[in-house]
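Take a look at the structure below.
The values are calculated or read from the model by the stated rules, or taken from the named source; none is laboratory data. These figures come from a predicted structure and were not determined experimentally. Methodologically, a virtual Cβ is constructed for each residue, glycine included, from the backbone with ideal geometry; neighbour enumeration extends over all protein chains shown.
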Amino acid sequence: MQRRDVIHAGAGLGLAGWIPAAWAHHGWSSFDQNRPIYLEGRAVEVKWRNPHAELVLELLENLQLPADLAQRPLPAQTAAIDGPALLARAVLPSRRDRRWEIELAPLFRLGQWQMPEIRAGSALSVVGFTFKGEMGEAILRAEYVFLDGKTYGLRSGPA
């Protein structure tokens with residue numbers, strides 16, 4: 001069934017407003033958690049809302065892995081994540097998209113981390129996961145956000 005058919009069927013049930021929002025939200029299982037991706041650039045669009053905040057990141061022209069990435073300090077968080085190993089495995093994306101949609105955590109969790117609202121023009125970097133084989137759209141589910149000299153872990157709350 002194609003997306004428009006699902007939306008059409010949902011409209012008949014009074015679900016037209018719900019279907020597109022659910023379609024756009026991706027659970028962790030959709031992403032390849034064995035291949036962390038590093039992205040860096042500037043936010044060009046930001047949607048600071050639930051079910052999770054999102055932004056469009058325009059990548060640096062000559063994107064490179066930072067030499068210190070694997071040694072960056074990481075905050076303690078409630079989920080059992082081996083952050084140092086994840087950063088050590090991070091790679092650049094193989095696809096050439098200049099703009100990526102970045103899925104952040106829900107606003108409640110961002111508030112727990114006291115993460116400031118990201119605005120268009122903000123410089124930041126992220127490590128996260130994209131779809132298996134980098135198939136489909138250029139979407140990254142953020143595990144860590146590096147913003148204004150601080151690191152935010154997004155999968156769980158602060159420990």
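Tell me, please, whether a residue that is without any contact (Cβ under 8 Å) to a residue 60 or more places away in the chain, assigned to a loop (DSSP other than H, G, I, E, B) and not polar (S, T, N, Q) can be found in segment 71-78. Checking segment 71-78: not a single residue is without any contact (Cβ under 8 Å) to a residue 60 or more places away in the chain, assigned to a loop (DSSP other than H, G, I, E, B) and not polar (S, T, N, Q). Checked across segment 95-112, the condition of being among the β-branched types (Val, Ile, Thr) and over 13 Å from Tyr144 (Cβ atoms) holds for no residue. For the structure I just gave you, tell me whether Ala159 is among the aliphatic types (A, V, I, L, M), over 14 Å from Glu40 (Cβ atoms) and outside the structural domain of Arg35 (by TED's automatic domain parsing). Taking the combined requirement at face value, the residue satisfies it. When residues in segment 69-84 are screened for being of a type outside the set (Gly, Ala, Ser), within 24 Å of Gly111 (Cβ to Cβ) and surrounded by fewer than 13 Cβ atoms within 10 Å (Cβ to Cβ), 2 of them pass.
Put simply, of Pro20, Pro66 the only residue that is over 18 Å from Leu107 (Cβ atoms) and at pLDDT below 95 is Pro20. Residues in segment 113-138 that are at pLDDT below 95 and outside any loop (DSSP other than H, G, I, E, B) were compared, and the one that is nearest to the chain's Cα centre (by Cα) is Phe131.
Contact map, segment 91-116: first residue farther than 20 Å from Ala53 by Cβ, second residue aromatic (Phe, Trp, Tyr), Cβ cut-off under 9 Å, separation 6 or more or different chains; pairs are Val91/Tyr38; Leu92/Tyr38; Pro93/Tyr38; Pro93/Trp100.
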